[in-house]
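One structure is given here, and the rest of the page talks about it.
What follows is calculated from the coordinates using simple rules that are stated; it is not laboratory data. Here the structure is a predicted model, which means the values were calculated and not measured. Here the Cβ positions follow ideal geometry from the backbone for every residue, glycine too, while neighbour counts run over all protein chains shown.
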Amino acid sequence: MLKLDIMTTKKEELIDITQRVTGAIKATQIKKGTAVIYVPHTTCGLTINEKADPDVAADILLALKKAVPDSLPYAHLEGNSTAHIKASVMGSSLQIMVEDGELQLGRWQGIFLAEFDGPRKREIWIQANEDSLF
Amino acid sequence: MLKLDIMTTKKEELIDITQRVTGAIKATQIKKGTAVIYVPHTTCGLTINEKADPDVAADILLALKKAVPDSLPYAHLEGNSTAHIKASVMGSSLQIMVEDGELQLGRWQGIFLAEFDGPRKREIWIQANEDSLF
Amino acid sequence: MLKLDIMTTKKEELIDITQRVTGAIKATQIKKGTAVIYVPHTTCGLTINEKADPDVAADILLALKKAVPDSLPYAHLEGNSTAHIKASVMGSSLQIMVEDGELQLGRWQGIFLAEFDGPRKREIWIQANEDSLF
């Protein structure tokens, strides 16, 4: 696998990592197959969403804060339970197809690291699987 | 990859695409491996859930509307922020095993396109990866 | 694919299946690639989160119960609509990288079966795909 380091800068933010992932996949010289992207953490996640308007990322954080309130009687003593919960809601991995050496994203899609307990240094793990039948 | 066009008919709906995906996978003549299913959009997602009773799909939409209210002070000006958020909660891809040329779904499982900003023409991308060790 | 049986013991619980999955992957003798983990059910899901402190699992269940209230006017007559909804929010599959014959989890990560309609006998399906380019 290949590892990318990402420095997050806020408690909660969606960081657009599309260009870094695209570059990493290109460097592998994979022609056709699937890219797997994975975070080895438990208080951040990965998601694909609109990258053109940063307000979309802000609205995702707003809605998650409403759905997973800071004020519930959480048991975990580190005070970051909402970050763990939101990480599970977003998920820890993505899979994206590769054709002709290029990551195949939809027109409006970007790849985001969803930080819920920053700022921190985070790792992204990437794998290129060259195995598609068609 | 293989592409399917799906016409959605409502603002929000879960459309059962099980048969279309099953047929597409069968046509690839893959024997054993993994099917990857992907939506190249940012206001719809994919999910696996019960297909026998359509009330389950309706209840998923009901609960998502409660968890992600239309009334929050969203910043994104297009008015479809809840669709973006719900798309991230459902996720943009699925992976399903293939054995003996057949997609391996559980007895009650169906594959759904989760439309949150329709009606629209949507694409589903499908890949068959023939690579399983056992 | 390989199948594991898991007996759940409560209506809702997150069961740590890390060791069983790790052992199953090891037994396949895969060297490098991706493990796919899948539940063939519609009222439980899979998630990766912190395994050191069981309070994290409890907090995830607490927050999901708040976000997906038991009291909504659900249409599905079996009375387990919240279980279906939470299963879709968690997701039905995981993918985890394998290097040097070992499942690559982050330091704090564990693999959980998220039961929302137990107690029941559940199956976990596992596949090892040996196909990584790097």
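State whether one or more residues within the stretch C:108-118 are buried (at least 20 other Cβ atoms within 10 Å of the Cβ), over 21 Å from B:Leu133 (Cα atoms) and of a type in the set (Asp, Glu).
Yes - at least one qualifying residue is present in the stretch C:108-118.
Residue check: is C:His76 surrounded by 22 or more Cβ atoms within 10 Å (Cβ to Cβ), touching an Asp or Glu at 6+ places or on another chain (Cβ under 9 Å) and not β-branched (Val, Ile, Thr)?
Answer is no for this residue.
Does at least one position in the stretch B:98-111 carry a residue that is under 26 Å from A:Ala57 (Cα atoms) and not basic (Lys, Arg)?
No, that holds for no residue.
Out of all the residues in the stretch B:72-94, is one or more touching a Pro at 6+ places or on another chain (Cβ under 9 Å), charged (D, E, K, R) and within 30 Å of A:Pro54 (Cβ to Cβ)?
no
Looking at the structure I just gave you, is C:Glu99 of a type in the set (D, E, K, R), farther than 30 Å from A:Asp70 by Cβ and under 15 Å from the mean Cα position of the chain (by Cα)?
Judged against the criteria, C:Glu99 is not a match.
Considering only residues that are more than 10 Å from chain B (Cβ to nearest Cβ) and of a type in the set (Ser, Thr, Tyr), look in the stretch A:72-106 and name the one that is farthest from A:Arg122 (Cα to Cα).
A:Tyr74
Which of the following residues is surrounded by fewer than 24 Cβ atoms within 10 Å (Cβ to Cβ), at the interface with chain C (Cβ under 8 Å from one of its Cβ atoms) and in contact (Cβ under 8 Å) with a residue 40 or more places away in the chain: A:Thr28, A:Thr42?
A:Thr28
I want to confirm something. Restricting to the stretch C:51-68 and keeping residues that are surrounded by 23 or more Cβ atoms within 10 Å (Cβ to Cβ) and in contact with a strand residue (DSSP E or B) (Cβ under 7 Å, 6 or more places away or on another chain), which single residue is farthest from the other protein chains (Cβ to nearest Cβ)?
Taking the candidates together, the pick is C:Ala57.
Restrict the check to the stretch A:52-68 and report whether at least one residue is outside any helix (DSSP H, G or I) and closer than 28 Å to B:Trp125 by Cβ.
For the stretch A:52-68, residues outside any helix (DSSP H, G or I) and closer than 28 Å to B:Trp125 by Cβ: present.
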